[in-house]
Each structure stands twice: as C-alpha cells, then as structure tokens.
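Notes follow the structure.
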Amino acid sequence: MESVRGGPAAGDEQEPDGLPTPGWRPAAKPPRIPLTREAILDAALRVLDREGLEGLSMRRVSDELGTGPASIYGHVRNKDELLQLLHERVTDEIRLPEPDPSRWYEQLEELAGQMRGLMNHHRDIARISLGRIPSGPTIARFTEWLFQLLTPVGIPDQTIAYLGDVFGLYVGAFAFEEGLGVASPIGEDLPPDQIMDMFRGYLQSLPADRFPHVHRMADALFDTDFDARFTFGIDLLLRGLRTYAEDAPPPSTET
C-alpha cells in the first residue's frame, strides 16, 4: 500500500531495528562500487564490441559505468592509454600451454589460431593491435614462453626476439583485413563469393594464349577459404623459422 501524506509504505526501507523508515526521508542510495582499472577495461571492451573503435571514447566508457569522465581519468590517462590497455587485456585472454620444444611447430600454430579467434571475437581489436606492443607483464609472459619453446630447438636468440613482432603483425593484419570484408570493385555491398566471381570472370575472359597460368589458377586465386589462406601464411612463417634452427640442413645449392 502506498503511504498517505508521506507516511511509510509497506516494503519501504527499514530502520536498523526492523521498523519502516518514515516516507519523508530520502531513500538511501546503494553503495557505489569502487571504480577500478579492471572495471574500466571491462566497460571499454563492452563499448568496443558494441560500437566499434569510432564509438569508443572516455565519455562513453564513463556512461557505461554510470559515472563521470573525471573518475576514469584517475585510472587511465587518456584514450591512447585506454587502447593500449585494451590490447593487453585481450592479449591476456590467450592461454599459453606448457612449452614443449618437441611440438614447437604445432604450439605456434595453435597460438596463431587463438590470437586470430580473439581478434575476430572482439570488434576492432585487430585494428587496435597494429602499431602497438604489449607492455608490462603481458610482453614478459609471451617472450619468456617463446624462448622456453624455441631455445632448445636451436633457434638463435635474435631470431626469437624478432619472431614475436613478425608473428603478431601477420595475425593482426590478417584479422584486421577479415574484419573489413572483401571490397566490391563497383562500390556496392555484395557477398564475398559474388565479388570473387567478378574477379574470376574477368581473368577468365582474357586471352588464354597470353595468360595460360592465370586461366589455369583462376579458381585458386579467388577462392574464399580464408582459413586455408591464414594457415598457409602461418605455415610459410614457421617453415622459414625452421631454417634458423642450428640442426636444420643447409639450403640446397642445386641450380
């Protein structure tokens, strides 16, 4: 029942002794949850997944948390730092297995698949990753894992040091391009298969006597098996990495 002339109503707040609080007293606000950097990053990731990088701002994150931008700046300096921390936040979701040098090739393939999956799961994270280096505990954890995995294989230290950059750049760029989709040559929003058919059809219309290989490989050039394309790129990197191992056979000198 509602109160009359400001009197207490059933179900209203109660005093410590269990009696109802007078209706003319303002309702107590629920205690504010302390703001943490982790809570800010969780909120920022929700905004990013929902609205993309263009929709992400310090104000949008503060709105998501039900607070003001000034509260955010007490934990994160600016948007650039927010993007860096988001990149690290998502990177930390990757689960590194116990390094097994006998399976180094397979473990790096699995790592690449995890990275691509996360970048496809979180909107615009691939775009954010380009040009950014994980810092703090994140880069230390991944670097230590790479050295534990590859040093026993005989991969030189400098090669391992460079590998993280090349590996991350390939996966990030591939996932970023996946997120963009296939651009239509006529500026209309078309399914990828239809766009590839247009390119394929053009090549197949060219004189076969002048472009025999183009005719022969038109299907392979414009297939839409992006998983196969990604796997090929990783395989290419890892085959090259294998040549750096101390026990790898020397390059062939046959001509």
What residue, of Glu178, Glu110, is without any contact (Cβ under 8 Å) to a residue 40 or more places away in the chain and either surrounded by 13 or more Cβ atoms within 10 Å (Cβ to Cβ) or out of contact with any strand residue (DSSP E or B) (no Cβ under 7 Å at 6 or more places or on another chain) (or both)? Glu110
Close pairs (8 angstrom Cβ cut-off, 6 or more residues apart or separate chains): more than 16 Å from Ala126 (Cα to Cα) in segment 44-64, aromatic (Phe, Trp, Tyr) and in a helix (DSSP H, G or I) anywhere: Met58/Tyr73
Listed residues Gly136, Gly68; which is exposed (fewer than 13 other Cβ atoms within 10 Å of the Cβ), in contact (Cβ under 8 Å) with a residue 40 or more places away in the chain, more than 16 Å from Phe167 (Cα to Cα) and not hydroxyl-bearing (Ser, Thr, Tyr)? Gly136
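Residue-by-condition table, conditions (1) among the charged types (D, E, K, R); (2) at pLDDT 95 or above:
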position	(1), (2)
Gly11	no, no
Asp17	yes, no
Trp24	no, no
Pro31	no, no
Arg37	yes, no
Thr67	no, no
Tyr73	no, no
Leu83	no, yes
Report, by residue number, each residue of segment 202-215 that is assigned to a helix (DSSP H, G or I) and loosely packed, with under 11 Cβ neighbours inside 10 Å. Pro212, His213
Among the residues of segment 163-175, count how many are among the β-branched types (Val, Ile, Thr) and surrounded by fewer than 16 Cβ atoms within 10 Å (Cβ to Cβ). 1
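The values are calculated or read from the model by the stated rules, or taken from the named source; none is laboratory data. Only a predicted model underlies this, so the values are computations on that prediction, with no experimental measurement involved. All Cβ positions, glycine included, derive from the backbone under ideal geometry; neighbour counts span all protein chains shown.
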